[in-house]
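**Student:** Please see the structure below; I have some questions.
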Amino acid sequence: MNLMSQHSSFVDPSNPRGNKVSAFLRTYYIYFVLVLVVTVLSVANLDRFDLFERGNFLNQRNIIHILRISAPLLTLAGAFTLLMVSGYIDLSVGSTMSLSAVVYALLAINGVPFFAAFAITLVVGFGLGAFNGFLVVRLKITPVIATLITLSLYKGIALLLVQDGVSAIKSGGGLKMPEWFNFYGREGVLLGLSSAFWVAVVVTLALVIVQNRSLLGKYAAATGGNPMAAKLSGINTKKTIFSLYAVVGVAAALAGIARSSFMSLGDPLSGDGMELSAILVVLLGGTAFSGGEGRVLRSFIGALIIMALTVGMLTLVPAYYQTLVIGTTLLAAAASNHLVSRKESAQ
C-alpha cells in the first residue's frame with residue numbers, strides 16, 4: 001500500500017513542465033500569499049494607529065508585536081493540522097485553552113513555582129485532549145458532536161474555577177501574581193521575542209518531524225486518506241486518533257499558558273473563537289477538510305497570515321468589514337489551492 005504517494009499516479013509524462021509548475025504552486029502558494037499580505041500592508045496608510053511606528057508595517061516593533069501575540073495560534077496550528085489530516089476535528093480547543101489558562105493562573109497566584117505550574121497545566125491539557133479521544137474512539141461519538149459537548153463542558157469548568165463576582169484569575173483581594181508570570185508570554189528572550197513564541201517554533205519543528213519521519217504522522221495521513229485501507233494494512237487507527245487528540249490537548253494547554261502569561265491573568269473566555277481560527281489557518285495552509293492531506297509548516301505560515309491581517313486591518317478597515325476581508329483572503333487562497341489540485345488530479 002502506498003497511500004502517502006498516491007498523487008504520483010496523476011503525473012502526466014507528456015507534460016513534465018506543467019507538472020513541475022503545478023507541484024511548485026501547490027507547495028509554495030501559501031508563502032506567496034504571506035508576501036502579498038505583508039506587501040499590501042506595508043504600502044497602506046497605517047499612520048492613524050499608535051501600534052504602527054511611523055505608519056510602517058514592516059519595522060522591528062510591529063513584527064515583534066505580531067509574533068508575540070501569534071504565539072498561542074502558532075502553537076496550536078501544527079497539532080490541529082495533524083488531527084485534521086487524520087480526518088478528525090476538535091471544536092473544543094478554545095475551551096481547552098481557556099481552562100488551561102485559568103488553571104495556570106490559579107496555580108501561580110497560589111504560590112506554585114513556574115515549572116510545577118507549567119507541567120501541571122500541560123498534564124491537564126493532555127487529560128482534556130485524551131477525554132476527547134475517549135469520547136470519539138471508545139464511545140464512538142461523532143467528532144463534531146463530542147467536541148461540541150466538551151467545548152461547553154470545559155468552558156463551564158473554567159468559569160466555575162473563577163470566583164463569583166470576578167471576571168478572571170488575577171492580582172487582587174490580597175493575592176498577587178508572581179513576578180515570573182509575565183516572562184513566558186511577554187518578555188523578550190531572543191531577538192526581542194518571547195519564550196512562548198520560541199516554544200511555538202520548537203513545537204512546530206517537532207511536529208514537522210513527527211509528520212515526515214514518525215509512524216504517527218504516516219498513520220494520521222493513512223487514516224485520513226482511506227480509513228478502511230489503513231485498518232486492513234494493520235494500522236491501529238483508534239490508537240492513532242486517540243494520540244492525536246491528546247497531542248492537540250497539550251498544544252491547547254501551551255497556547256493557554258502563552259495567552260495567560262501575555263495577559264497577566266487567567267481569563268475563562270481567553271480561548272473563545274480559537275477553534276474557528278485554528279480551522280481557518282489549517283485550511284488556509286491547504287489541509288483537506290476531509291483528511292488525508294496537509295502540512296504542518298504551511299499551517300504555521302497560515303497562522304502568520306491571519307495574525308498579520310488581523311493586526312494590519314485594525315486601522316485600514318472598519319471593524320465590521322475585518323472578518324469579511326479575512327474570509328475573502330481565505331477563499332482566494334483556498335480556491336487557488338483547489339484549482340492547482342484539480343489540475344494535478346486531471347493529468
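**Student:** If amide hydrogens are placed 1.01 Å from N in the peptide plane, which non-local residues have theirs closer than 5 Å to the one on VAL189?
**Tutor:** Result for VAL189 returns SER194, SER195.
**Student:** So if R0 is 35 Å, what FRET efficiency would ILE64 and PHE289 give, r being the distance between their Cβ atoms, rounded to the nearest 0.05?
**Tutor:** The value I calculate is 0.55.
**Student:** Using the structure shown, list the pairs from LYS170/LYS238; LYS140/LYS218; LYS140/LYS170; LYS170/LYS218 with a Cα-Cα distance above 31 Å, or answer none.
**Tutor:** With Cα atoms farther than 31 Å apart: LYS170/LYS238; LYS140/LYS170; LYS170/LYS218.
**Student:** Okay, next question. To the nearest 0.05, how large is the calculated FRET efficiency for SER167 and GLN322 if R₀ is 30 Å and r is the Cβ-Cβ distance?
**Tutor:** My answer for the efficiency is 0.75.
**Student:** With viscosity set to 1.002 mPa s and temperature to 20 °C, compute the Stokes-Einstein D of region 230-316, Rh being the Kirkwood radius across alpha carbon pairs; µm²/s, no decimals.
**Tutor:** 141 µm²/s
**Student:** A further question on this structure: Taking only C-alpha pairs under 8 Å that are 6+ residues apart, what is the relative contact order of region 62-339 in percent?
**Tutor:** About 38 percent, as a whole number.
**Student:** Just grab the label-to-label distance for VAL189 and VAL202, each label 7 Å out from Cα along the Cβ direction, in nm (one decimal).
**Tutor:** The two pseudo-label positions are separated by 0.7 nm.
**Student:** By how many nm would the segment from ILE145 to ILE209 grow when fully extended, if each residue of separation counts as 0.36 nm and the alpha-carbon distance is taken off?
**Tutor:** Between ILE145 and ILE209, full extension yields an extra 19.9 nm.
**Student:** What does the highest-first list of 150-158, 230-238, 276-284 look like by mean Cβ count within 10 Å?
**Tutor:** 276-284, 150-158, 230-238
**Student:** While we're looking at this one, here's another question. How large is the Kirkwood hydrodynamic radius of region 62-339, in angstrom, based on all distinct alpha carbon pairs?
**Tutor:** Result for region 62-339, one decimal place: 18.9 Å.
**Student:** Residue by residue, what Karplus-based ³J(HN,Hα) values in Hz, rounded to whole numbers, does region 135-142 have, using 6.51, -1.76 and 1.60 with θ = phi - 60° and x for Gly and Pro?
**Tutor:** Per residue, the Karplus-derived 3J(HN,Hα) values read 4, 7, 7, 8, 8, 6, 7, 3 Hz.
**Student:** When a footprinting reagent is the concern and you count Cβ atoms within 10 Å, what order do LEU107, LEU76 take, fewest first?
**Tutor:** Working: LEU107 21, LEU76 34.
Starting with the residue having the fewest Cβ neighbours, the order is LEU107, LEU76.
**Student:** Which of ASP267, ASP90 has the fewest other C-beta atoms within 10 Å, and how do the rest follow up to the most?
**Tutor:** If I rank by nearby Cβ atoms, fewest first, I get ASP267, ASP90.
**Student:** Here is a follow-up. At a 10 Å Cβ-Cβ cut-off, how would you order VAL202, VAL311, fewest neighbours first? Present the calculation step by step, with values, prior to reporting the outcome.
**Tutor:** Details: VAL202 11, VAL311 20.
Placing the least packed residue first, the sequence is VAL202, VAL311.
We did not get these values from a lab; they are worked out from the coordinates using the rules stated. The structure presented is a predicted model; accordingly, all values stated were derived computationally and were not measured. Virtual Cβ from ideal backbone geometry, glycine too; neighbours counted across all protein chains shown.
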